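K.L.:
The structure follows.
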Amino acid sequence: MKQQILIMIVSIFLVLGTSFFIFNIQNSNLTGFAVYNESNTDVTNNSNQIINEKIITKQDALQAINESEQIIIEMQEKNFSVNYMNDSLIEAKRVFEQARYAEILRDNNSTEKEKQEARAALSLIKWQNITYADVLTYTKNIKERKENAFLLLDKISVEENNLNSNAELKSAELFSSPPLKLSSETLAIFEQAKLAFSEERYNDAERLLEEYKKVVEQERAQASTLSGIKNGAMNFFQRYWIQIIFFLIILGIAGYFIYKKFEKKILINKIKKMKTEEQVLNDLMKKTQTERFKENKISGLVYNIRMKKYEERLQEIKEELPVFEERLRRFKK
């Protein structure tokens with residue numbers, strides 16, 4: 001019995017030991033395989049980069065540069081400004097050369113002369129991470145630039161066609177309702193958008209176009225509201241024109257009598273004021289004569305200036321007062 005138990009225990013340990021030994025061997029082989037692949041990748045394939053599971057090779061980069069050159073030629077033929085694209089293309093070619101030299105340094109089969117040339121070219125650059133995939137950053141930017149340019153051109157063309165159609169219909173008098181007349185400020189926004197587009201400021205052009213369309217919609221809504229009010233007023237007048245004329249006649253008559261009443265009151269107050277002023281001027285003249293001839297408080301020059309001023313104002317009152325009194329008498333009749 002004891003021998004059987006001992007045999008079972010020894011068998012269990014043997015099985016466990018064998019399993020542990022096999023497991024460790026498998027793990028070490030797998031680890032070695034991964035390290036081996038990683039080292040091989042560093043040595044042989046570092047000149048390429050995997051983007052979206054696709055290796056970007058030297059030929060891919062060259063093809064992308066050629067396509068970008070064709071895009072620029074096409075844009076120039078259609079009178080687009082290509083300054084930004086040219087700058088991107090120059091950067092793409094520069095990065096391509098850097099990636100080519102970096103590939104030479106990574107390649108164990110490169111000659112020492114090639115490596116010396118590559119080191120000299122990349123002496124001031126951290127080249128270890130440079131690959132041909134970096135070229136596609138610039139060529140992709142050129143493609144997107146082309147798409148944005150044509151998209152913006154279509155938007156601008158649509159707005160220009162709308163303006164031209166509006167002008168043609170206006171000149172031909174084919175509008176069923178008054179045409180929308182855009183303000184000079186709104187048209188200026190559209191001109192700024194076209195200018196930004198011609199200068200390759202596509203973000204500004206997009207923003208200005210959106211602002212222009214928003215302002216146009218606002219002006220169209222305002223014009224529609226005003227047109228509705230105008231049409232409503234015309235319909236109201238056409239329907240109730242007899243009542244409106246009758247009301248205006250009554251309003252005119254009532255306004256005339258109200259005006260006359262206020263005019264009479266104004267005349268009475270004005271006459272009272274002028275008579276009061278006349279009495280005050282007479283008193284001032286008497287006082288001035290007393291100060292000059294009895295009390296000798298003022299000089300002859302001051303006396304003459306005051307008297308002349310008082311007499312001129314009294315003369316104006318004597319000329320105007322009878323006219324106002326005559327108008328008041330007519331009101332009383």
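The values are calculated or read from the model by the stated rules, or taken from the named source; none is laboratory data. What you are looking at is a predicted structure, and each value in this text was computed from that prediction instead of being measured. Virtual Cβ from ideal backbone geometry, glycine too; neighbours counted across all protein chains shown.
K.L.:
Would you mind stating whether A205 is within 30 Å of S81 (Cα to Cα), among the aliphatic types (A, V, I, L, M), touching a helix residue (DSSP H, G or I) at 6+ places or on another chain (Cβ under 7 Å) and modelled with pLDDT of 85 or more?
P.N.:
On the way: within 30 Å of S81 (Cα to Cα): yes; among the aliphatic types (A, V, I, L, M): yes; touching a helix residue (DSSP H, G or I) at 6+ places or on another chain (Cβ under 7 Å): yes; modelled with pLDDT of 85 or more: yes.
So A205 passes the test.
K.L.:
Just to be sure I understand the filter: pairs with C-beta atoms under 7 Å, separated by 6 or more residues or on different chains, first member in the stretch 309-330 and in a helix (DSSP H, G or I) and surrounded by 10 or more Cβ atoms within 10 Å (Cβ to Cβ), second member among the small types (G, A, S) and modelled with pLDDT of 90 or more. Which pairs pass?
P.N.:
none
K.L.:
Residue check, I249 against (1) within 60 Å of the chain's Cα centre (by Cα); (2) in the same structural domain as E319 (by TED's automatic domain parsing), all met but one. Which one?
P.N.:
Result: I249 passes all but (2).
K.L.:
Can you confirm whether A233 is of a type in the set (A, V, I, L, M, F, W, C), at pLDDT 80 or above and in a helix (DSSP H, G or I)? Show your work before the answer.
P.N.:
Values: of a type in the set (A, V, I, L, M, F, W, C): yes; at pLDDT 80 or above: no; in a helix (DSSP H, G or I): yes.
No, not satisfied.
K.L.:
Same structure, new question: So in the stretch 76-105, with the set limited to residues that are of a type in the set (D, E) and either outside the structural domain of R145 (by TED's automatic domain parsing) or free of Cβ contacts under 8 Å to residues at least 12 places away in the same chain (or both), which one is nearest to K143 (Cα to Cα)?
P.N.:
Initial filter on the stretch 76-105 (of a type in the set (D, E)): 77, 87, 91, 97, 103.
Checking the rest, the ones that are also either outside the structural domain of R145 (by TED's automatic domain parsing) or free of Cβ contacts under 8 Å to residues at least 12 places away in the same chain (or both) come to 77, 87.
On the way: E77: 16, D87: 14 Å.
The residue in question is D87.
K.L.:
Which one is farthest from T139 (Cα to Cα), of the residues in the stretch 46-75 that are at pLDDT 90 or above and among the polar types (S, T, N, Q)? If you could, list the steps in order and put the result at the bottom.
P.N.:
Going through the stretch 46-75, the residues at pLDDT 90 or above turn out to be 59-74.
Filter again for among the polar types (S, T, N, Q), leaving 59, 63, 66, 68, 70.
Numbers: Q59: 14, Q63: 10, N66: 9, S68: 6, Q70: 11 Å.
That would be Q59.
K.L.:
Of all residues being more than 20 Å from A92 (Cβ to Cβ) and touching a residue at least 12 places away in the same chain (Cβ under 8 Å) in the stretch 106-127, which is surrounded by the fewest Cβ atoms within 10 Å (Cβ to Cβ)? Just the residue, please.
P.N.:
Step one: filter the stretch 106-127 for residues more than 20 Å from A92 (Cβ to Cβ), giving 106-117, 119-120, 123.
Those still in the list that are touching a residue at least 12 places away in the same chain (Cβ under 8 Å) too: 106-108, 117, 119.
Details: R106: 18, D107: 16, N108: 6, E117: 14, R119: 13.
Filtering the stretch 106-127 for residues that are more than 20 Å from A92 (Cβ to Cβ) and touching a residue at least 12 places away in the same chain (Cβ under 8 Å), the one surrounded by the fewest Cβ atoms within 10 Å (Cβ to Cβ) comes out as N108.
K.L.:
Which ones in the stretch 81-105 are outside any helix (DSSP H, G or I) and surrounded by 19 or more Cβ atoms within 10 Å (Cβ to Cβ)?
P.N.:
First, the residues of the stretch 81-105 that are outside any helix (DSSP H, G or I): 81-82.
V82, the sole residue that qualifies.
K.L.:
Here are E217, E200, E185, E277: which of them is surrounded by 11 or more Cβ atoms within 10 Å (Cβ to Cβ) and part of a helix (DSSP H, G or I)?
P.N.:
Working: E217 fails: surrounded by 11 or more Cβ atoms within 10 Å (Cβ to Cβ); E200 fails: part of a helix (DSSP H, G or I); E185 fails: surrounded by 11 or more Cβ atoms within 10 Å (Cβ to Cβ).
Result: E277 is the single residue among E217, E200, E185, E277 that is surrounded by 11 or more Cβ atoms within 10 Å (Cβ to Cβ) and part of a helix (DSSP H, G or I).
K.L.:
Quick test of your reading of the structure: N296 fulfils all but one of (1) surrounded by 11 or more Cβ atoms within 10 Å (Cβ to Cβ); (2) on the phi > 0 side of the Ramachandran plot; (3) of a type outside the set (F, W, Y). Name the failing condition by number.
P.N.:
The number of the failed condition is (1).
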